[in-house]
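Everything below concerns the one structure shown next.
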Amino acid sequence: MKSILQVIIISLILINPIWISAADEATLKNPDGTWKWTNRLINETSLYLLLHAHNPVDWYPWGDEALSRAKKENKPIFLSVGYSTCYWCHVMERKVFSNPDIAKEMNENFINIKIDREERPDLDEIYMTATQLLIQHGGWPNSVFLTPDLKPFYAGTYFPPTDQPHRPGFPTILEAVNDAWKTREAEVIESANKITQFIEVATNKGFTTLIENPIDRSLITDAVEFLKSKYDKAYGGFSTAPKFPSPSNLEFLLREYERQTKFDKPSSEDDSLLQMITHTLDMMAYGGIYDQIGGGFHRYSVDAKWLVPHFEKMLYDNALLAKLYLQTYHITKKPLYRRIAEEIFTFIQREMTHPDGGFYSAIDAETDAEEGKYYVWTEDEIKDVLDKKDVKKFNSIYGIDKGTNFEGKNVLYVPNTHKSETSILTLRSSKEKLLDARNERERPLLDTKILVNWNGLMIDALAYGYQVLEDEQYYTAASEAAQFILDSLTKPDGELWHLSTSNVAKFDGYLDDYAFFIQGLLTLHEASGEEKWLIAAQELTQKMIELFWDDMNGGFFYTKADDKQLIVRTKKPHDSAIPSGNAVAVNTLLILQEKINRLPMKNIEVDYREYAEKTLRSFAQAMDETPSSFMHMLYSLNAYLDSQDVENLPVKDSDTKPSTQPIVTAHANILTISNSSVIYAEIRITIKDGWHINANPTGQENLIPTTISVPDDSSISIYEENYPKGKSVKFEFSPDRLNVYEGMTTFTVKIRPKENITLKKNDQLLLKLNYQACNETMCLLPETLDIPLKIK
């Protein structure tokens with residue numbers, strides 16, 4: 001779609017070039033160092049908005065004050081959308097919005113509104129769709145001109161401060177838009193109305209269950225073939241440059257690989273899918289897109305080789321990729337994938353975790369207006385930090401000896417991927433020294449927004465990490481973050497807020513806040529068996545349906561119905577850097593229904609599977625036409641079809657055998673070790689849903705209590721045990737109430753070495769859990785479970 005302004009702007013560039021010098025910070029301050037200008041953004045909590053609070057531009061946040069003024073004065077709105085870690089947003093702030101001459105033109109002729117896209121993803125989607133319709137591409141900063149009725153009529157992304165070859169400067173844009181509004185207002189409004197109609201079709205009206213579209217496996221097959229056609233056999237991934245991780249693509253392929261190996265005979269087709277996944281994960285893990293020193297992935301690589309990244313780090317990328325590496329590790333047992341997931345979690349806990357639980361949103365790409373400065377190295381810097389004996393090996397493993405690769409410096413990467421993993425493990429001390437040295441540098445900005453949707457993704461990843469790796473710290477981090485959201489970002493009526501910044505909760509929750517957080521809660525329940533997570537997930541699912549469900553066409557709207565400042569109510573159905581809320585909602589609905597069918601949940605009369613099916617049907621045609629935009633929906637479709645396949649499978653002898661999933665699992669970790677070598681340890685027991693073990697005490701003399709002991713020949717002895725109070729439950733087989741443990745329970749013990757025994761670091765101790773497991777109808781024989789405990 002072409003705007004009426006395009007011809008005007010081109011002609012202005014040709015006949016009236018405008019040259020204005022870029023401003024620097026010195027021009028914004030008085031001689032005494034105080035700011036010359038302070039606008040309304042100073043009262044906001046968003047880091048991105050606060051970065052613009054001392055521009056000479058008369059910025060408004062989105063709200064009634066700005067929108068009313070635009071209508072009262074009949075002025076067009078200039079809407080600028082970005083986020084705190086956006087490199088080109090920073091450039092435009094410094095070179096354009098800090099320029100007093102440009103600001104004067106903006107203030108005289110426009111109402112200027114600044115939006116943090118992470119605070120208002122609803123507005124971001126609407127006006128990014130407008131930009132894509134108008135100029136056939138998009139990006140941030142997103143620069144959109146609106147009528148006073150909020151309808152877009154011209155848009156672009158980054159505009160330079162002066163005219164460039166084939167690219168107008170922002171002053172030229174301002175002059176052309178102002179002229180068009182003053183001399184062709186009716187024509188501009190007509191164009192804006194048409195653009196708004198296109199936005200509504202693109203984001204909502206094209207999706208309906210009224211169109212009979214099949215939801216069958218042909219959609220999956222076609223999507224697999226599509227990804228094969230886009231796959232980069234040399235470096236992995238599904239594009240050239242720039243190259244994004246695209247975890248939804250890989251997770252979709254992984255689920256299809258698992259399905260094929262489960263329901264069909266193994267074939268070369270299966271191997272090719274797994275090869276696409278593992279080759280991509282290998283290349284990313286060894287590339288510069290991965291922070292080889294500190295862990296965690298950068299946003300994307302600017303080349304096709306995953307070598308030079310755009311250096312910002314986002315919470316959502318690292319959540320999605322940590323889980324993907326763990327899922328692939330679970331299948332392949334390849335140590336690399338475990339290492340990457342563990343390093344991501346270490347990075348998140350070190351740099352992006354709030355003291356009270358919850359995870360921060362992002363780390364900027366630049367320091368001192370220089371992208372990547374914090375992360376890159378010179379050969380001399382490495383020599384200064386590492387021991388002389390380690391330098392040559394480090395430089396060989398991490399590509400320093402191959403020459404510089406980023407503006408005369410080095411982005412660390414692993415060029416010899418096939419033989420470097422063992423060597424990398426031997427360089428752990430060197431990496432720690434370099435991380436310590438890097439921590440002395442000026443750090444990039446940390447955006448401390450706690451977003452419910454992105455936190456949901458990290459909770460899901462950590463809880464899954466606990467399932468796969470059995471490391472207690474991951475469950476602790478996930479559960480603390482989930483409890484933080486339930487305590488601090490849930491309203492009295494059970495609805496969610498979208499975010500918290502500086503302990504201020506803001507903005508009504510969006511669809512993906514609910515869907516992503518529900519997913520995290522369900523994974524927490526699967527990992528721990530704790531009923532409270534399942535109850536919270538079910539209650540939030542009811543809220544999600546109440547607030548967002550489309551009764552007419554199926555699927556979920558992205559926003560609540562009561563927001564009157566949106567020109568359209570969209571469904572935000574496409575995957576972006578994160579999966580769509582509708583796609584994740586389908587998956588959570590299926591999981592929740594499966595749990596309800598399996599567990600004794602009371603008073604649940606809703607058929608969640610029906611909501612999932614209607615949502616899939618609503619987007620079936622779109623999945624068929626543009627699979628690249630619906631990969632996570634296709635992932636969820638595969639889950640839906642899998643459940644049908646399971647129902648239709650013939651019963652085999654093996655299917656009638658009891659599940660091999662253990663009824664009781666236990667993990668021990670050391671809380672403290674005193675100077676006298678007394679160990680204070682915690683034992684966490686997880687009990688399968690539908691089962692319980694006897695508490696200590698049991699409540700009846702003839703029952704076997706749960707106890708902890710050590711082998712007779714152990715080097716340690718237990719001298720204090722602290723068992724939690726059991727849950728008092730009435731069972732049909734007993735006239736008395738019994739004390740039992742269900743779900744997850746934790747108790748502590750104090751251990752000391754036997755006489756003349758000295759415990760050393762890395763000693764492996766053994767505890768024994770003695771228990772008897774029962775369900776509603778039977779009790780199993782008493783068992784003993786070995787629990788390793790390592791001295792750290």
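Things worth noting here:
- Near the amide H of N99, within less than 5 Å, lie the amide hydrogens of A23, all on another chain or at least 5 residues away, with H placed in the peptide plane.
- J(HN,Hα) series, the range 562-567, from Karplus relation 6.51 cos²θ - 1.76 cosθ + 1.60, nearest Hz, glycine and proline x: 9, 8, 8, 9, 9, 6
- Full-extension gain in nm, L599 to N722, via 0.36 nm per residue minus C-alpha separation: 41.2 nm
- Residues whose amide H comes within less than 5 Å of that of S717, counting only those at least five positions distant or on another chain, are R752, K754 (H built at 1.01 Å from N in the peptide plane).
- Of the GluC sites (Glu not before Pro) in the range 118-212, the ones in a loop by DSSP (not H, G, I, E or B) with at most 13 other beta carbons within 10 Å are E212.
- Highest mean packing first, where packing is the average number of other Cβ atoms within 10 Å per residue, the peptides 584-595, 357-368 line up as 584-595, 357-368.
- Across the range 119-127, computed HN-Hα scalar couplings (Karplus, 6.51 cos²θ - 1.76 cosθ + 1.60, θ = phi - 60°) run 7, 10, x, 5, 5, 4, 5, 4, 7 Hz from first to last residue, x flagging Gly and Pro.
- The angle between the Cα long axis of helix 472-488 and the longest principal axis of the Cα atoms of the chain comes to about 60 degrees, rounded to the nearest 10.
- For the range 213-245 versus the range 389-419, the spacing of their alpha-carbon centroids is 32 Å.
- Calculated from the alpha-carbon coordinates, the range 687-781 shows an Rg and a Dmax of 16.1, 52 Å respectively.
- Net dipole in debye of the range 247-370 [+1 Lys, Arg Cβ; -1 Asp, Glu Cβ; about Cα centre; nearest 20]: 600
- Relative contact order (%) - the chain, alpha-carbon pairs under 8 angstrom, separation at least six: 9
- Distance from the range 442-521 to the range 745-792 (C-alpha centre basis), Å: 33
- In degrees, nearest ten, helix 388-397 long axis to first principal axis of the chain (Cα): 70
- For the chain, the longest principal axis of the Cα atoms and the long axis of helix 315-332 meet at an angle of about 40 degrees.
- Number of Lys pairs (Cα under 28 Å; 8 or more positions apart or on different chains) in the range 334-407: 16
- DSSP bridge pairs, the chain: antiparallel proportion in percent, nearest 5: 90
- Cβ charges +1 (Lys, Arg) and -1 (Asp, Glu), total dipole of the chain, debye: 1160
- Ligands, DNA and RNA are left out, and with a 1.4 angstrom probe the accessible area of the chain is 43 Å² per residue.
- With all protein chains in place and a 1.4 Å probe, the accessible surface of the range 491-625 carries 46 percent carbon and sulfur.
- Note on the range 507-629: Kirkwood hydrodynamic radius from all Cα pairs is 15.0 Å, rounded to one decimal.
- Gain upon complete extension [D368, V201; 0.36 nm per residue less C-alpha separation]: 55.8 nm
- In terms of the mean number of neighbouring beta-carbon atoms within 10 Å, the peptides 607-617, 451-461 order highest first as 451-461, 607-617.
- Note on the range 50-154: Cα convex hull, mean projected area over all directions, 6.2 nm².
- Computed 3J(HN,Hα) for the range 576-589, one whole-Hz value per residue from the Karplus formula 6.51 cos²θ - 1.76 cosθ + 1.60 where θ = phi - 60°, is 10, 5, 10, x, 6, x, 4, 5, 5, 4, 4, 5, 5, 5, glycine and proline marked x.
- When each of the peptides 707-719, 214-226, 100-112 is scored by the mean number of other C-beta atoms lying within 10 Å of its residues, the order from highest to lowest reads 100-112, 214-226, 707-719.
- Equivalent-ellipsoid semi-axes of the chain, from the Cα gyration tensor, Å, largest first: 49, 33, 26
The values are calculated or read from the model by the stated rules, or taken from the named source; none is laboratory data. Please read all numbers here as calculations on a predicted model, not as lab measurements. Note that we place each Cβ from the backbone using ideal geometry, even for glycine, and neighbour counts take in every protein chain shown. Heads up: the accessible areas ignore ligands, DNA and RNA and are worked out on the full protein's heavy atoms, side chains in. Shrake-Rupley method; radii C 1.70, N 1.55, O 1.52, S 1.80 Å.
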